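The values are calculated or read from the model by the stated rules, or taken from the named source; none is laboratory data. This structure is a prediction, so every number in the text was calculated from the model and none was measured. Here the Cβ positions follow ideal geometry from the backbone for every residue, glycine too, while neighbour counts run over all protein chains shown. Protein only, heavy atoms only, side chains kept; ligands, DNA and RNA dropped before computing areas. Shrake-Rupley method; radii C 1.70, N 1.55, O 1.52, S 1.80 Å.
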Amino acid sequence: RLAVLAAANALADALAPMAPPELPVRWHWPLTLSVNGGVVGGLRWRVPAGTAEDAVPDWLAVGFALRLRWPEGTVTGENPGETALEEEGFEDATAAGLTEAWARHLMANLDEWGARGHRRVTDRFLARLADGEGAKRGIIPDSGALAIEREGGREVRPL
């Protein structure tokens, strides 16, 4: 399941160089992506039915959807909390270009995970995660769940 977070890192890594300077590209748990505070899309994943949460699945499928631009006739501000890449200054973003960049970054993330272990993958994901800021956060390696520790106790959110 940590491979899902490697895929999430790859998507953010693919977007970041295309973004205008200092524009935040952030994750919201579990896999919703925002740019400049507005949701632009996210990541989805599937494993075989019946796979235990802490088991290595026989296969894993990952996909993503991003709003490149609003459909014709959409009024800006009509969808509070949402945005489109074009609206945020990603003028050169195309579906093909983003897919190619994501694939390159995915391979680099998986290679780094294999060479250095899961810690780098989880730390990079947490650095872009908006949820639980200011609290102690971590990813549970066996399940990919998010653990947030606050004074009031520990919260675990499944992937």
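Here are the numbers for the structure shown:
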{"item": "Of Pro20, Pro48, Pro30, the one that fluctuates the most in a GNM where the chain has Cα springs shorter than 10 Å", "result": "Pro48"}
{"item": "Alpha-carbon centroids, the stretch 94-133 and the stretch 1-65: separation in whole Å", "result": "8"}
{"item": "Heavy-atom accessible surface of the stretch 68-129: percent carbon and sulfur, 1.4 Å", "result": "50"}
{"item": "Modelled FRET efficiency - R0 25 Å, Leu68 with Ala108, Cβ distances, 0.05 increments", "result": "0.60"}
{"item": "The chain: DSSP helices with Cα axial extent of at least 30 Å and average Kyte-Doolittle hydropathy no lower than -0.5", "result": "95-116"}
{"item": "Two-decimal ratio, the chain, of alpha-carbon radius of gyration to 2.2 N^0.38 Å", "result": "1.08"}
{"item": "Å² of accessible area per residue within the stretch 117-159, as computed with a 1.4 Å probe and no ligands counted", "result": "56"}
{"item": "Within the chain, percent of DSSP bridges classed antiparallel, to nearest 5", "result": "90"}
{"item": "Percent RCO, i.e. relative contact order, over the chain, from Cα pairs under 8 Å lying at least 6 residues apart", "result": "28"}
{"item": "Sites matching GluC sites (Glu not before Pro) across the stretch 81-118 that sit in DSSP coil, with at most 15 neighbouring C-beta atoms within 10 Å", "result": "Glu91"}
{"item": "Loop chymotrypsin sites (Phe, Trp or Tyr not before Pro), the stretch 10-77, which have at most 13 other Cβ atoms in a 10 Å radius of their Cβ (DSSP)", "result": "Trp59"}
{"item": "Residue-normalised accessible area of the stretch 1-49, given per residue in Å² at a 1.4 Å probe", "result": "38"}
